[in-house]
Structure formats: structure tokens, C-alpha cells
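Read through the structure below, which is laid out as C-alpha cells, and then see the notes.
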Amino acid sequence: MTERSIDELGPIDYLVVEFPAGQQNFTGAAALELLRLHDAGMIRVMDLVLIGKGPDGTVMAQELGDLEDMGEFARLETELAETLAEEDVLKFGEVMQPGSMGAVLVYENLWAAPFGSALRHAGGQLIANGRIPIQAIIAAIEADEALAAGGI
């Protein structure tokens with residue numbers, strides 16, 4: 001990665017994903033897609049922490065850089081900023097269900113960096129942002145389709 005100034009940073013987001021016990025189907029497809037987004041220059045992975053919650057509620061976490069065999073993720077290690085503190089990871093783990101596995105991903109939206117920089121240079125300030133969960137979008141579409149099918 002080339003050095004960039006703070007002014008050139010894109011928005012930083014995080015997401016926490018939980019895979020409940022008995023519903024885990026790890027094929028590697030998600031990891032490959034994350035690497036594809038990184039390689040395409042759309043995002044920069046800043047932190048990736050794997051979390052497990054034992055049946056007794058014990059939270060275990062491991063930074064990507066601490067894995068013995070990182071496989072394809074090895075090329076991300078030099079860019080990791082390890083932005084999450086231990087208390088952050090434990091907080092996320094507390095809300096997970098016992099027996100589940102999960103991950104916390106912190107990433108920079110590289111695609112938005114030039115737009116964000118232009119807004120800042122124009123005097124703009126971010127005053128709100130958010131994300132609509134995909135489950136809410138699907139539910140809204142299904143509700144609209146049900147309404148349309150009912151003729152109302």
C-alpha cells in the first residue's frame with residue numbers, strides 16, 4: 001500500500017458477524033470475497049478478529065495476525081492497524097450466543113475516500129450516517145410484494 005495522508009482516508013466501518021452453533025457452513029467463499037474486495041481496491045482491511053463463545057459463555061478471540069497459518073490472508077497482515085481494543089472484542093462477544101463463532105471486521109471504504117475528501121475540502125462535515133440491515137430491506141420488499149399480491 002502506498003502512503004496516504006489523513007485527508008485521503010475513506011470512511012471507516014465495522015461489522016460483527018455471528019455464526020450460531022449448528023448453522024455454520026464455512027466454505028471459504030466469504031474469505032475469498034473479502035480478499036477480492038481488498039485486491040480490487042474497494043476496501044482496506046484494518047482489523048479482523050475471530051471470536052468464539054464457548055457453551056459456558058467464555059469469550060475467546062484471536063487477531064488475524066496471530067493465526068499460525070493465515071493462508072491467503074497473509075498478504076493483508078502488513079496493512080492491519082489492529083484498531084480494536086480487548087474490551088471492544090469482549091463487548092461484541094458478550095452479545096453472541098453460547099457455542100457460536102463470529103468475526104469483527106474493521107475496514108476503510110477506499111471507494112469513498114476521494115468523495116469524502118472533496119466534501120471536507122468544500123467545508124462539509126458528516127453529521128449522521130447509518131446502515132439499513134439487509135434483513136430489513138428483504139422484509140420490506142416481501143411486505144410490498146404481499147400487499148401487491150393481495151390487490152390492496
Legend entry - Virtual spin-label span in nm between residue 79 and residue 17, 7 Å along Cα→Cβ: 1.7 nm
Inset, instruction - Report the charge-dipole magnitude of the range 81-152 in Debye, nearest 20, computed about the Cα centre from +1 at each Lys and Arg Cβ and -1 at each Asp and Glu Cβ. - result: 280 debye
Inset, instruction - Quick one: which residues, 5+ away or cross-chain, put their amide H under 5 Å from the amide H of residue 43? H built at 1.01 Å from N. - result: 38, 110
Inset, instruction - From the C-alpha gyration tensor of the range 1-57, pull out the three semi-axes of the equivalent ellipsoid (sqrt of 5λ each), sorted largest to smallest, in whole Å. - result: 30, 15, 8
Legend entry - Mean residue ellipticity (222 nm) of the chain, computed from DSSP H runs ≥ 4 via -39,500 (n - 2.57), nearest 500: -9000 deg cm²/dmol
Inset, instruction - Jot down the radius of gyration and Dmax of the range 93-152, Cα atoms only, both in angstrom. - result: 19.3, 51
Legend entry - Length added when fully stretched, residue 111-residue 94, from 0.36 nm per residue minus Cα-Cα: 2.9 nm
Legend entry - P(r) weight above 20 Å for the range 47-152, C-alpha pairs, percent: 64 percent
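Every number here is computed from the coordinates shown, using simple stated rules; none is lab data. Quick caveat: nothing in here was measured; it's all calculated off a predicted structure. Cβ: placed from backbone, ideal geometry, glycine included. Neighbour counts: every protein chain shown.
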